[in-house]
Amino acid sequence: MDFRDTPEETAFRQEVREFIAREAPKQEGTGDRDIISSYAQVFVQSQQWFKKLSERGWIAPAWPKEYGGAGMTVMQQFIFNEEMAEARATRPLHLIIGVAMAGPTLIVHGNEEQKKYHLPRIISGEDIWCQGFSEPEAGSDLASLRTRAVREGDDYVINGQKIWTTIAHLSKWMLLLARTDPDAPKHRGITYFILDMKSPGVDVRPLVNMAGGYEFSEVFFTNVRVPKANIIGEENRGWYAAMSTLDFERSAIGSAIGLRQTVEDIILYAKEHTNDGTSMLCANPMLRYELVDRLLETEVGRMLSYRVVSLQSKGLIPNYEAAVVKLYNMELDQRIARTGMTVLGPYGQLDRGSKWAPLRGRLEYMYLRAVGSTLETGTSEIQRNIVATRGLGLPRGD
């Protein structure tokens, strides 16, 4: 990959930087960003900022302009994401599933009526989406899902359960996978639906994690009726459309920047508090080497992200390469959290409610929340299987 920007890319990078400097809400100092413990807070924060992004189509950089996006090239998307991350600019978290997953899936697989109705509402933030994939007995082996959809006239009747459904308690619509042909091989006989979350029979029960957040929920379906018109693509072919949804999710780049910034924040805090008892560097100078390791590892993560975007810029699909990025960055997320807690010592256990908490309790939250990093959007084991079979060409196990 050529690390130098072309003249056009240089101009675009400058445009993005100036826009962020002019319009983005100002942060309150290095490393002192408040963690959003509830996605509901997003609705009352940074609304003017989101509006400015939307006016430029920058809410959905990758979407074609005819659907309200920016129609950016791959490199423009990379530059935009990189500059947003470097500036720590707030992203519309409540739109992530709609913009990054539901919208692109509808653009590729949806019919014109579905696109015309749903895409403008995703862009505007009017409709929030969630993803009904994982089940108690079908997470890593998603194709083993048991939620059933039985045809009755012009409707399908849904019965079953989903779990770990992000922001289900805030969502108006769900991307739902359900089995429509129980006798077909497990990767076939699955249909992709658009589900109205206000339908009778939908029961959302939030799951509170150990960090005190409840972005996940379990969702139960009892005789929920979904119109036939809400099928995405073809009946019994939903698995293949769903895999494109996961590709959109796994191809995200730039998380290494946030990880690097977290390490830099820990280093800055440690340097400023070495002698006041709130940093363990005074007791264990060898922690400097651990911090250096973490900082170097974030640069490795960045290079892996560059590899993904370089493939995309050549028109190639980064499959196992994206799995490598996900695997590496999420495991690094946990290592950084552990190092941060070691550096902060006992003070690292103070949560965001304490005025004595270093970095406003950010590391305590990260340490607890990072447990889920290697589980969500495909476990580390799944990512290693992808790398082994698709990247290294190893045979599949029985």
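Cβ-Cβ distances below 7 Å connect the following pairs, each with a first residue in region 333-352 that is in the same structural domain as V300 (by TED's automatic domain parsing) and more than 15 Å from L287 (Cα to Cα), a second residue that is surrounded by 18 or more Cβ atoms within 10 Å (Cβ to Cβ) and among the aromatic types (F, W, Y), and a separation of six or more residues or different chains: R352/Y365. Restricting attention to region 305-318, the residues that are closer than 17 Å to D2 by Cβ, surrounded by 13 or more Cβ atoms within 10 Å (Cβ to Cβ) and either touching a helix residue (DSSP H, G or I) at 6+ places or on another chain (Cβ under 8 Å) or among the hydrophobic types (A, V, I, L, M, F, W, C) (or both) total 7. Are any of the residues in region 199-218 under 23 Å from L119 (Cα atoms), crowded, with 16+ Cβ neighbours inside 10 Å and touching a residue at least 24 places away in the same chain (Cβ under 8 Å)? No: zero hits. Does L119 fit the bill of being more than 30 Å from R260 (Cα to Cα) and in the same structural domain as R179 (by TED's automatic domain parsing)? No.
Within region 369-398, residues that are within 16 Å of L142 (Cα to Cα) reach partners that are part of a helix (DSSP H, G or I) and modelled with pLDDT under 85 with beta carbons closer than 6 Å, at six or more positions or on different chains, in the pairs T377/E249. Among all residues of region 324-335, there is at least one that is in contact with a Lys or Arg (Cβ under 7 Å, 6 or more places away or on another chain), of a type outside the set (A, V, I, L, M, F, W, C) and within 28 Å of A388 (Cβ to Cβ). Of everything in region 54-74 that's part of a helix (DSSP H, G or I) and at pLDDT 90 or above, which residue is farthest from L368 (Cα to Cα)? Only one residue fits best here, namely E66. Test of understanding: among V150, V74, V157, which residue is more than 17 Å from the chain's Cα centre (by Cα), within 25 Å of S313 (Cβ to Cβ) and surrounded by fewer than 22 Cβ atoms within 10 Å (Cβ to Cβ)? The match here is V74.
For region 90-102, the condition of being without any contact (Cβ under 8 Å) to a residue 24 or more places away in the chain and under 19 Å from the mean Cα position of the chain (by Cα) holds for at least one residue.
Examine region 321-337 for a residue that is of a type in the set (S, T, Y), at pLDDT below 90 and within 19 Å of E82 (Cα to Cα), and state whether such a residue exists. There is no residue in region 321-337 that is of a type in the set (S, T, Y), at pLDDT below 90 and within 19 Å of E82 (Cα to Cα). Select from region 160-198 the residues that are charged (D, E, K, R) and in contact (Cβ under 8 Å) with a residue 12 or more places away in the chain and write down the one among them that is surrounded by the fewest Cβ atoms within 10 Å (Cβ to Cβ). Filtering region 160-198 for residues that are charged (D, E, K, R) and in contact (Cβ under 8 Å) with a residue 12 or more places away in the chain, the one surrounded by the fewest Cβ atoms within 10 Å (Cβ to Cβ) comes out as K198.
The values are calculated or read from the model by the stated rules, or taken from the named source; none is laboratory data. Predicted model only: the values in this text are computed from it and were never measured. Here the Cβ is made from the backbone with ideal geometry for all residues, glycine too, and neighbour counts use every protein chain on show.
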